[in-house]
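A quick write-up on the structure given underneath.
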Amino acid sequence: MKILLIGANGTLGSAVHSALRKRDHQIVTASRSGSDISVDITDPDSIRSMYERAGRVDAVANTAGSVPWKPFTELSAQDMRDGLTGKALSQIELVRQGSMLMGGEASFTLITGVLTRDPVVTGSVASTVNGAVEAFVRAAAIELPHRQRINAVSPTVFAESMDVYGDLFAGFQPVPVAVAADAYIRSIEGRQTGQVYTM
Ligand SMILES: NC(=O)c1ccc[n+]([C@@H]2O[C@H](COP(=O)([O-])OP(=O)(O)OC[C@H]3O[C@@H](n4cnc5c(N)ncnc54)[C@H](OP(=O)(O)O)[C@@H]3O)[C@@H](O)[C@H]2O)c1
């Protein structure tokens, strides 16, 4: 398959890239810097030009997205807007534009995270946007055109990220990022749709 992988240089993106490469897929990478295609997924025009450059693909795998981390009492309205743009509206726009351009059997795999179901202090924006994306995935699955599919990968903290997030996720059991990468393979190569893969 020809697969458009967004966020390919990140912790998760690198693991997905390596899992896809092992399975002989053709991979086109995208991110703001250092990839085949430069894209800022928070900008709909940038997404449009990414799809123009990538051409028709069999699967879109997104591993990019960011949210502000702040105590709830310090959150501004702009912080919430930034989170919605950075991880929810950006991913929804990837699917909205992509669904019109891609072939009948294309799939979309989005990223959410454990905070949807298991909140931590300073993570309220992340919890909110992850929940929005998971609701979107279930809703879009029954309306995508042709036989297109959509799933979300919703991992707990990665073992590889514990040096950054370990204090926030005290008592959580981290998973190797390769486990989340496997869920991308399940989404891309399988036939399931509307699923949220948790780990
Ligand atoms: N790390 C964890 O433990 C963990 C656990 C569960 C869920 N997640 C979720 O997984 C996702 C990836 O996390 P990560 O730890 O792999 O992050 P990361 O290492 O910071 O990687 C993020 C990747 O996305 C790209 N990117 C970021 N913003 C972008 C934008 N606006 N447009 C295009 N590309 C963009 C970055 O490259 P450029 O900077 O060059 O654009 C980079 O390649 C996040 O949504 C995170 O919430 C992470």
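Throughout, read-outs are computed from the coordinates displayed, never taken from laboratory work. All values reported here derive from a predicted model rather than from experimental measurement. Ideal geometry is used to build each Cβ from the backbone, glycine not excepted, and the neighbour counts take in all protein chains shown.
Scan the range 56-75 and tell me whether some residue there is closer than 28 Å to PHE172 by Cα, without any contact (Cβ under 8 Å) to a residue 24 or more places away in the chain and in a loop (DSSP other than H, G, I, E, B). Spell out how you get there, then give the answer.
If we filter the range 56-75 for residues that are closer than 28 Å to PHE172 by Cα, which is where we start, we get 61-75.
Those left that are additionally without any contact (Cβ under 8 Å) to a residue 24 or more places away in the chain: 66, 73-74.
This time we only want the ones that are in a loop (DSSP other than H, G, I, E, B), so: 66.
Yes, there is a match, as at least one residue in the range 56-75 is closer than 28 Å to PHE172 by Cα, without any contact (Cβ under 8 Å) to a residue 24 or more places away in the chain and in a loop (DSSP other than H, G, I, E, B).
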Inset, instruction - Could you list all residues from the range 1-13 that are of a type outside the set (A, V, I, L, M, F, W, C) and either in contact with an Asp or Glu (Cβ under 6 Å, 6 or more places away or on another chain) or in contact (Cβ under 8 Å) with a residue 40 or more places away in the chain (or both)? - result: LYS2, GLY7, GLY10, THR11, GLY13
Inset, instruction - Considering only the range 27-46, state which residues are near the ligand (Cβ under 6 Å from one of its atoms) and under 10 Å from GLU93 (Cβ atoms). - result: ILE41, THR42
Inset, instruction - Output the qualifying pairs, or none if there are none: Cβ atoms under 6 angstrom, residues six or more apart or on different chains, first residue in the range 31-53 and more than 15 Å from GLY10 (Cα to Cα) and assigned to a strand (DSSP E or B), second residue near the ligand (Cβ under 6 Å from one of its atoms) and aliphatic (A, V, I, L, M). - result: none
Legend entry - Selected residue (criterion: nearest to the ligand (Cβ to nearest atom)) from residues of the range 162-185 that are assigned to a helix (DSSP H, G or I) and more than 17 Å from the chain's Cα centre (by Cα): TYR165
Inset, instruction - Please work out which one of (1) within 15 Å of the ligand (Cβ to nearest atom); (2) in contact with a helix residue (DSSP H, G or I) (Cβ under 6 Å, 6 or more places away or on another chain); (3) among the aliphatic types (A, V, I, L, M) is the condition ALA159 fails and give its number. - result: (2)
Legend entry - Tabulated pairs, the range 149-174, first on the phi < 0 side of the Ramachandran plot and among the polar types (S, T, N, Q), second surrounded by fewer than 20 Cβ atoms within 10 Å (Cβ to Cβ) and assigned to a strand (DSSP E or B), C-beta under 9 angstrom, 6+ apart or interchain: ASN151/VAL196; ASN151/TYR197; SER154/VAL196; SER154/TYR197; SER154/THR198; THR156/VAL175; THR156/THR198
